[in-house]
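What follows is one structure encoded as structure tokens, with my remarks underneath.
Bear in mind these aren't lab numbers, they're just calculated from the coordinates by the rules spelled out. The structure presented is a predicted model; accordingly, all values stated were derived computationally and were not measured. No Cβ is skipped: glycine too gets one built from the backbone with ideal geometry, and neighbour counts run over all protein chains shown.
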Amino acid sequence: MQRLMSAAILGLGSEAPVIEALEIVLHDENIDPAFAALMLSFPPELELAEAVTELNPQALRRQRHQLMRTCADAVGGLLGNTVRAIRALEASRRYEPNPRQAGERALNHAALLLWSCSGNAESQAEVIAVAASQCSREAHMSDRAAGMSVLMRQSKPIRDRALKDFAEQFEGEPLAMDRWLMMQATRQGLEGEPPVLEDVIRLLEHPCFSLRNPNKVRALISSFCNLNLAEFHEPTGKAYAWFEAQFLSLDTINPQLAARLARAMDRWSTLIEPMRSLAQTSLQRLATHEGLSPDSAEILKRSLECQA
């Protein structure tokens, strides 16, 4: 299934086999729910980026989203039925940490996420309502995380309300707040809204973030640079300038972590213009900066030597 999806996204195949396979999975009442959840999961952008020799992050994101939307529109009824059936089942029983229930929750999450890509306004209203209910304070953490993933794709008022409630509940729990930072750093920007980078810059000043805390750095800065390709590798170069400042600050605090962060630029030579030249220039500026740690200097040197 992943091969079919990847081929369709990259223009090497048709969407028809993907839709047909999804219909088979969603119609099969005897299929293992955990396996079905995997079948409904589309390959991440990072994996797709590794499969191309010339990377256009914005086009890749659009192509992936377009396929997900086409599929969601085609099998939206089945996705909705799946979500409703599993939610009704969960409401009728006690929670137990067993493989069957875990698989059903995973299927619910995968179906809800794909359903959220539908262009049907009525479906979207139900999706948002379901996601919001999964973010209730009584919800299981995996349900809440899945609900938040869906709400992060919605408009700013909906996102802000969900993020505020999450932060208020988990303010004193470091691991949960790591997830809170990461879901904001990795969200897909919406047309007409400011770049995600602006949110990330704002979060650098949040009380829960510290450049001296490796987990917070990974959750916010590394997640943005490594996982949010379309927002990090953007054609103005603003994200690269921001990256340089964060990298140099981090190199004086935790050189090993800074060196790992520098790996976010490893794919610079596969980028299309103008990102390729902007990334190369950024790396060159960093590589010639006085006082770099040996670890960071070595990583930057290797990255610059890399060619497509």
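For Ser41, Ser92, Ser223, Ser133, which order do you get if you count the other beta carbons within 10 Å of each Cβ and list the fewest first?
Details: Ser41 16, Ser92 7, Ser223 20, Ser133 13.
Arranged by neighbour count, lowest to highest, Ser41, Ser92, Ser223, Ser133 become Ser92, Ser133, Ser41, Ser223.
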At R0 = 30 Å, FRET efficiency that the Cβ-Cβ distance of His289 and Leu46 yields, to 0.05: 0.60
Cα-Cα P(r), the range 126-170, percent of pairs per 5 Å interval: 5, 26, 38, 24, 6, 0
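I need the Kirkwood Rh of the range 79-145: take the reciprocal of the average 1/r across all distinct C-alpha pairs and report it in angstrom. Present the calculation step by step, with values, prior to reporting the outcome.
Values: mean 1/r = 0.0816 Å⁻¹.
About 12.2 Å, per the Kirkwood formula over Cα pairs.
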Dipole of the chain, positive direction: furthest Cα of Leu89, Ala167, Leu38, with charges on the beta-carbon: Ala167
Alpha-carbon centroid distance for the pair the range 219-260 / the range 268-287, whole angstrom: 13 Å
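Report, please, the projected area of the range 110-228 averaged over directions, based on the convex hull of its C-alpha atoms, in nm².
Mean shadow area of the hull around the Cα atoms is 7.4 nm².
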C-alpha long axis of helix 99-115 to longest principal axis of the chain, angle in °: 80 degrees
Three principal axis lengths of the range 1-135 [C-alpha, angstrom, descending]: 50, 31, 25
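Given 0.36 nm per residue, what is the gain on full extension from Ser136 to Thr281 after removing their alpha carbon distance, in nm?
On the way: separation 145, 0.36 × 145 = 52.20 nm, distance 4.64 nm.
The Ser136-Thr281 span can extend by a further 47.6 nm.
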Degrees separating the helix 156-170 axis from the principal Cα axis of the chain, which is the longest one: 90 degrees
Inter-centroid distance (Cα atoms) of the range 109-139 relative to the range 57-87, Å: 11 Å
Lysine pair number, Cα distance threshold 23 Å (strictly under), the chain, separation 8 or more or different chains: 5
Computed log₁₀ I(q)/I(0) - Debye formula, equal Cα scatterers, no solvent, the range 215-255, q 0.25, 0.26 Å⁻¹: -0.88, -0.93
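Can you tell me the dipole magnitude for the chain around its Cα centre, using point charges on the Cβ only (Lys, Arg +1; Asp, Glu -1), in Debye to the nearest 20? Provide the component values of the computation, followed by the final result.
Numbers: 32 positive and 39 negative charges, 73 e Å.
Here the size comes out at about 340 debye.
Looking only at Cα atoms, what is the convex hull volume of the range 165-308 per residue, in Å³?
Working: hull volume 14.5 nm³, N = 144.
For the range 165-308, the hull spanned by Cα atoms encloses 101 Å³ per residue.
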Helix 141-151 axis, angle to the chain major axis (alpha carbon atoms, nearest 10°): 80 degrees
Inter-label distance, nm, simple model (7 Å from Cα along the C-beta direction), Ser210/Asp28: 5.0 nm
Which of Met183, Met148 has the fewest Cβ neighbours within 10 Å, and the rest in rising order: Met183, Met148
Translational diffusion of the chain, µm² s⁻¹ [Kirkwood Rh, Cα pairs; Stokes-Einstein; 20 °C; 1.002 mPa s]: 103 µm²/s
